[in-house]
1. Report whether or not E135 is at pLDDT 95 or above, charged (D, E, K, R) and away from the ligand (no atom under 15 Å from the Cβ).
2. In this structure, does L121 turn out to be away from the ligand (no atom under 15 Å from the Cβ) and touching a residue at least 60 places away in the same chain (Cβ under 8 Å)?
3. Restricting attention to the stretch 214-248, which residues are more than 25 Å from R26 (Cα to Cα), surrounded by 20 or more Cβ atoms within 10 Å (Cβ to Cβ) and out of contact with any helix residue (DSSP H, G or I) (no Cβ under 6 Å at 6 or more places or on another chain)?
4. Among the residues of the stretch 16-32, is any free of Cβ contacts under 8 Å to residues at least 60 places away in the same chain and within 14 Å of the ligand (Cβ to nearest atom)?
5. Inside the stretch 186-200, can you point out the residues that are surrounded by 16 or more Cβ atoms within 10 Å (Cβ to Cβ) and either within 14 Å of the ligand (Cβ to nearest atom) or not β-branched (V, I, T) (or both)?
6. Can you confirm whether L89 is under 12 Å from E23 (Cβ atoms), in a loop (DSSP other than H, G, I, E, B) and more than 16 Å from the ligand (Cβ to nearest atom)?
7. In the stretch 157-181, what count of residues is obtained for those that are near the ligand (Cβ under 8 Å from one of its atoms) and touching a residue at least 60 places away in the same chain (Cβ under 8 Å)?
8. Would you list the helices (runs of 4 or more DSSP H) that sit entirely within the stretch 138-251 and hold 3 or more residues that are farther than 17 Å from V107 by Cβ and under 19 Å from the mean Cα position of the chain (by Cα)?
Amino acid sequence: MPAAQATVPATDEGLLRGDGAFEVVRLYGNRPFALADHLDRLERSATALRLPLDRVALEADCAALLQAGGDDPAADLLRILQTRGGHRLLMLEPAPALPDRMRLAMVTYSPTRILDGVKSLSYAANMLASRIARERGFDEALLVTPHGRVLEAPTSSFFWVKDGRIFTPPLDDRILASITRARLLEVVDVTEAHCTQEDIDAADEAFLASSLKEAIPIAAIEAREFADANPVTTAAGAKLRARIESELSQG
Ligand SMILES: Cc1ncc(COP(=O)(O)O)c(C=O)c1O
């Protein structure tokens, strides 16, 4: 049915308390990229939340929805939700418009500990961080702890480049185990290291990565502007794209 006509009961704790888990899968044509990894992460989120999840039913739903609507040119993303009220929602969505290069505002953020690594429906803090960044005239937020450690963006992983080497914060900084980040670590040489303002000041390039964005260059972080040329980011993005194509072609 049209997603706008689907309903969940007002009593569902997924709505009332953000108690549930979700994933967003990128579609290329009607082919989902890394669907199994997304379902694995959804299962991990559900386990952490003590949320019942029927993986077999979910896989059948994914296949049925992609069969029914995956060919729609506006179907760029497959959103999957499992709510505490026991509702499973799967939706096809168009990708939001993205700039070619992103300008980021730093927003102070503390990982919650209890929800670390969980893609829960309680994403209001991430959404608010993006909104605050946009209010300040930027495209997106870069989440930074009160102690100045740079983590990630609200829906993307963060990478920076220095002297031709690519760096990204380690997962033990309590960031999300991004599937795109994992693929990048496999196709290019990436060093995991904590990131501070000094690293950003010294960086030659920086980029964000996510299922939706693949690898997208960063034009500025607050007042720190990056050069228009970003050869290391471009090369990493090309290798990521080649990996995506190769996985898609293997079905
Ligand atoms: C907090 C956070 N970090 C990173 C990402 C990127 O993850 P993935 O590469 O699995 O899309 C996301 C995805 O939405 C996210 O919510």
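1. Details: at pLDDT 95 or above: yes; charged (D, E, K, R): yes; away from the ligand (no atom under 15 Å from the Cβ): yes.
Taking the combined requirement at face value, the residue satisfies it.
2. Numbers: away from the ligand (no atom under 15 Å from the Cβ): no; touching a residue at least 60 places away in the same chain (Cβ under 8 Å): yes.
No, not satisfied.
3. Within the stretch 214-248, just F226 meets the criteria.
4. Taking every residue of the stretch 16-32 in turn, at least one turns out to be free of Cβ contacts under 8 Å to residues at least 60 places away in the same chain and within 14 Å of the ligand (Cβ to nearest atom).
5. Our first condition is that a residue be surrounded by 16 or more Cβ atoms within 10 Å (Cβ to Cβ); within the stretch 186-200, this holds for 187-188, 190, 195, 199-200.
Of everything in the stretch 186-200, those that are surrounded by 16 or more Cβ atoms within 10 Å (Cβ to Cβ) and either within 14 Å of the ligand (Cβ to nearest atom) or not β-branched (V, I, T) (or both) turn out to be V187, V190, C195, D199.
6. On the way: under 12 Å from E23 (Cβ atoms): yes; in a loop (DSSP other than H, G, I, E, B): no; more than 16 Å from the ligand (Cβ to nearest atom): yes.
Criteria not met by L89.
7. Result for the stretch 157-181: 4.
8. 179-187, 231-249
The values are calculated or read from the model by the stated rules, or taken from the named source; none is laboratory data. None of the values given here were measured: they were computed from a predicted structure. With ideal geometry, Cβ positions are generated from the backbone for all residues, glycine too; neighbour counts draw on all protein chains shown.
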